[in-house]
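Report on the following structure.
The values are calculated or read from the model by the stated rules, or taken from the named source; none is laboratory data. Here the structure is a predicted model, which means the values were calculated and not measured. All Cβ positions, even for glycine, are placed from backbone atoms using ideal geometry, and neighbour counts span all protein chains on display. SASA here: full protein model, heavy atoms, side chains in, ligands and nucleic acids out. Shrake-Rupley method; radii C 1.70, N 1.55, O 1.52, S 1.80 Å.
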Amino acid sequence: MLVYCRGEGEVGKIGKLEITIDNPNSVPLMDVCIRIHELSNLNYGMPLETIIPTNDKLTLTIDIPKVPELPPGYEGDILSLSGELNFRFPSCEIMSTSLAADSTFKVEQIFISGIAGFNIDEF
């Protein structure tokens, strides 16, 4: 199973995240929930109101209400994403798979000052 995420947005504004789920199994995935550690609104998990069909690939786009700032001293503008997709097969317990290692979020951020947390985007 492959779960790949790619997104982008400007710090403090609404961003977009595209989630691609490839289900190679002979049964559908139900009760699908995604958790991404680096995005606060997905840190505790977000149900994806869908069933992933048998032997199918599905791409969903969701809003990220507030794009996070990059950590101080972070090199570049691409934030690596980590997390998992929780789901269940029909008549089975909940299972989980990790996000693909190349899942990323491009953060549009002009500058962050190390002094008192001032951000040039605020001016």
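What percent does the relative contact order of the chain come to when contacts are Cα pairs within less than 8 Å and at least six residues apart? All intermediate terms of the calculation are to be shown ahead of the outcome.
On the way: 295 pairs, mean separation 38.8, N = 123.
Relative CO of the chain lands at 32 percent.
Computed over the alpha carbons of the chain, Rg followed by Dmax gives 16.4, 55 Å.
Give, in whole angstrom and from largest to smallest, the semi-axes √(5λ) of the equivalent ellipsoid of the range 49-92, with λ running over the eigenvalues of the Cα gyration tensor.
Values: eigenvalues 204, 31, 24 Å².
For the range 49-92, the ellipsoid semi-axes come out as 32, 12, 11 Å.
In the chain, taking the dipole from charged Cβ atoms about the Cα centre, the farthest positive-side position among Leu81, Val67, Asn55 is held by Asn55. Placing Tyr4, Tyr74, Tyr44 in order of accessible area, with the largest value first and a 1.4 Å probe, yields Tyr44, Tyr74, Tyr4.
For the range 1-47 versus the range 83-105, the inter-centroid distance based on Cα atoms is 9 Å. Shown here are the Rg and Dmax of the Cα trace of the range 1-63, at 12.5, 41 Å.
With +1 on each Lys and Arg Cβ and -1 on each Asp and Glu Cβ, how big is the dipole of the chain about its Cα centre, in debye rounded to the nearest 20? Walk me through the numbers on the way to the answer.
Details: 8 positive and 18 negative charges, 51 e Å.
Dipole magnitude for the chain comes out near 240 debye.
For the set Glu38, Glu8, Glu93, Glu108, solvent exposure ranked by accessible area (probe 1.4 Å, protein chains only) runs largest to smallest as Glu93, Glu8, Glu108, Glu38.
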